[in-house]
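Let me begin by presenting the structure, written as structure tokens, before commenting on it.
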Amino acid sequence: MTMDVIDFDGVLVIGAGLAGLSAALSAAPRRVCVLASAPLGDGCSSAWAQGGMAAALSDADTPALHAADTLAAGAGLVDAGRAGLLASEGPAAVRWLAGLGAPFDRNADGGFALSREAAHGQARVARVGGDAAGRAIMDAVIRQVRMASHIEVREGWSLRGLLQDATGRVCGVRLAKAGETCALRAPAVILATGGIGGLYAGASTPRTLLGEGLAAAALAGAVIADPEFVQFHPTALDVGRDPAPLVTEALRGEGAILVNRDGQRFMTGLHPDAELAPRDIVARAIHAEREAGRGAFLDARKAVGAHFPEAFPTVYAACRDAGIDPRIEPIPVAPACHYHMGGILTDADGATRLPGLFAAGECASTGVHGANRLASNSLLEAAVFGIRAGRAAARRTLAGRPLLGTPELSALPEADLSRLRSAMSRDAGVIRDAAGLSRLLDLTEVLTQAHGPSGPLIAARLTAACALERQESRGAHYRSDYPEMAPEAQRTLVTLEAGTLSRMAA
């Protein structure tokens with residue numbers, strides 16, 4: 001295959017959330033080109049995060065305790081070594097971001113103000129402005145990226161595929177922008193393209209996150225890990241908006257309670273931690289109340305009340321915009337697709353099994369989330385493993401072998417993307433079964449025949465096929481036809497070769 005290729009002697013970072021920009025800053029002094037589909041700060045989940053960053057930052061806490069909570073939340077599928085690494089490097093990552101200008105909330109003594117969230121044994125979530133952590137952190141990091149002499153940023157470019165040499169080594173990317181195509185060759189590529197929330201009708205993430213990085217890596221032969229595990233945030237604002245505004249878990253940490261339309265609490269009899277139970281348990285409980293016609297509401301009148309505007313300004317603004325005053329009335333809530341625990345399998349430095357290809361952030365599977373991500377570990381993972389990926393990628397050198405192109409990701413028309421999103425919510429949502437997952441797979445096959453290897457279709461197929469194969473309920477993956485957890489916890493590792501999914505030994 002012959003193509004015109006532009007050489008770049010440095011690291012290509014595809015995606016501009018916290019993971020991608022942390023990688024770009026940490027690759028210094030090596031040259032970095034950040035390729036983003038939208039202006040920096042737009043189109044990434046990092047900027048939408050509310051709760052904050054979990055880390056052992058108080059005298060009462062330790063990395064070992066944080067790692068233990070991470071392991072417990074992950075329902076048997078967390079890599080203990082990686083969880084330990086995340087927890088041990090977490091405090092330094094938070095302080096690094098603070099040093100870049102992220103304005104974390106502080107106590108009177110200057111220490112980090114910390115909140116407790118679901119499944120955490122300690123108050124360890126560092127916040128910004130109550131519920132504005134993601135945007136404030138991203139603003140600080142973006143300022144540093146704009147000033148960094150080793151980083152250039154190209155906005156508006158979408159990923160269309162990876163470039164490989166005859167040995168399978170990844171040597172660059174194929175991109176598109178407003179009908180124009182471009183191929184860049186580089187010693188290292190870091191995929192930091194985010195999750196798959198845009199595949200669901202009703203998500204708490206930008207609609208533009210459609211799994212293209214996951215799909216491109218799969219087409220190139222990377223190992224994909226645990227794609228069936230999709231976390232649904234229990235409390236998104238239930239006012240018919242898409243994406244659904246998030247109602248931060250920190251409210252429950254402050255004492256807000258979940259009630260149905262009759263004002264009855266429904267979490268107290270389901271789990272010892274009630275509203276602070278793991279997210280999958282709370283999400284299914286809310287789903288059940290809504291399915292039964294009783295509705296679900298977060299009541300923060302007593303816990304927060306008149307302090308809502310200054311304590312949780314983001315949630316307050318979203319509620320008021322929907323005609324709800326959370327100071328004096330309960331907030332209607334529903335589960336929404338929030339985070340993809342699965343992704344491109346990496347080592348501790350973000351390297352995939354394909355030389356030259358790295359992944360970081362939500363599109364990666366580092367092993368720290370297992371079957372159910374612990375609250376506020378996502379921004380932490382993005383920073384910790386983004387930093388590690390940037391440093392490792394900076395050490396790569398370019399080999400001068402002939403280039404081969406992986407199949408180019410095709411476009412999926414908006415009407416069919418809408419069909420796919422509705423089907424994903426219905427059949428691969430909070431509760432799943434074989435009939436629904438099979439129906440979803442049939443739809444992906446029909447649409448693939450019509451449109452070719454679209455990124456959203458590949459990501460949806462990976463999710464649905466592995467969910468169908470996992471005949472148990474574990475963490476965020478709940479099968480109504482297999483409601484029990486299997487005795488042995490096993491990860492899912494698959495590759496996509498010549499259009500066929502192949503399972504690998506864990």
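The one condition from (1) surrounded by 14 or more Cβ atoms within 10 Å (Cβ to Cβ); (2) over 22 Å from the mean Cα position of the chain (by Cα) that residue 483 does not meet is (1). State which residue is farthest from residue 250 (Cα to Cα) when the search covers only region 300-319 and only residues that are over 27 Å from the mean Cα position of the chain (by Cα) and not in a loop (DSSP other than H, G, I, E, B). Step by step, filter region 300-319, then rank; the result is 306. For region 319-337, how many residues meet the condition of being buried (at least 23 other Cβ atoms within 10 Å of the Cβ) and among the small types (Gly, Ala, Ser)? Residues meeting the conditions: 2.
What about residue 422, is it of a type in the set (S, T, N, Q) and in contact (Cβ under 8 Å) with a residue 40 or more places away in the chain? Yes, satisfied. In region 116-130, of all residues being at pLDDT below 95 and among the charged types (D, E, K, R), the one that is surrounded by the fewest Cβ atoms within 10 Å (Cβ to Cβ) corresponds to 116.
The selection criterion, being touching a Leu at 6+ places or on another chain (Cβ under 7 Å) and under 29 Å from residue 456 (Cα atoms), does not hold for residue 246.
In region 48-58, the residue that is farthest from residue 372 (Cα to Cα) out of those that are modelled with pLDDT of 95 or more and of a type outside the set (Ser, Thr, Tyr) is 57. The condition of being among the small types (Gly, Ala, Ser), without any contact (Cβ under 8 Å) to a residue 60 or more places away in the chain and either buried (at least 17 other Cβ atoms within 10 Å of the Cβ) or more than 15 Å from residue 335 (Cβ to Cβ) (or both) holds for only one of 283, 292, 306, 288, that being 306.
Residue-wise test of (1) more than 23 Å from residue 283 (Cα to Cα); (2) among the β-branched types (Val, Ile, Thr); (3) at pLDDT below 95; (4) assigned to a helix (DSSP H, G or I).
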| position | (1), (2), (3), (4) |
| --- | --- |
| 392 | yes, no, no, yes |
| 401 | yes, no, yes, no |
| 424 | no, no, no, yes |
| 437 | no, no, no, yes |
| 449 | yes, no, no, yes |
| 460 | no, no, no, yes |
| 468 | no, no, no, yes |
| 489 | no, no, no, no |
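In region 200-248, the qualifying residues are those that are of a type in the set (Val, Ile, Thr) and surrounded by fewer than 24 Cβ atoms within 10 Å (Cβ to Cβ), and the one that is farthest from the chain's Cα centre (by Cα) is 239. Scanning region 349-390 for residues that are within 23 Å of residue 219 (Cα to Cα), under 11 Å from the mean Cα position of the chain (by Cα) and part of a loop (DSSP other than H, G, I, E, B) yields a single hit, 360. Please go through region 491-506 and give me each residue that is surrounded by fewer than 21 Cβ atoms within 10 Å (Cβ to Cβ) and touching a residue at least 60 places away in the same chain (Cβ under 8 Å), ordered by number. 491, 493, 495, 497, 504 - these are the residues of region 491-506 that are surrounded by fewer than 21 Cβ atoms within 10 Å (Cβ to Cβ) and touching a residue at least 60 places away in the same chain (Cβ under 8 Å). Inclusion of residue 81 among residues that are surrounded by 19 or more Cβ atoms within 10 Å (Cβ to Cβ) and under 22 Å from the mean Cα position of the chain (by Cα) is not warranted.
Residues checked against (1) more than 29 Å from residue 371 (Cα to Cα); (2) in contact with a Cys (Cβ under 6 Å, 6 or more places away or on another chain); (3) not hydrophobic (A, V, I, L, M, F, W, C):
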site	(1), (2), (3)
259	no, no, no
281	no, no, no
286	no, no, no
295	no, no, yes
301	yes, no, yes
308	yes, no, no
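The values are calculated or read from the model by the stated rules, or taken from the named source; none is laboratory data. Predicted, not measured: the structure shown is a model, and the values here were computed from it. Cβ: placed from backbone, ideal geometry, glycine included. Neighbour counts: every protein chain shown.
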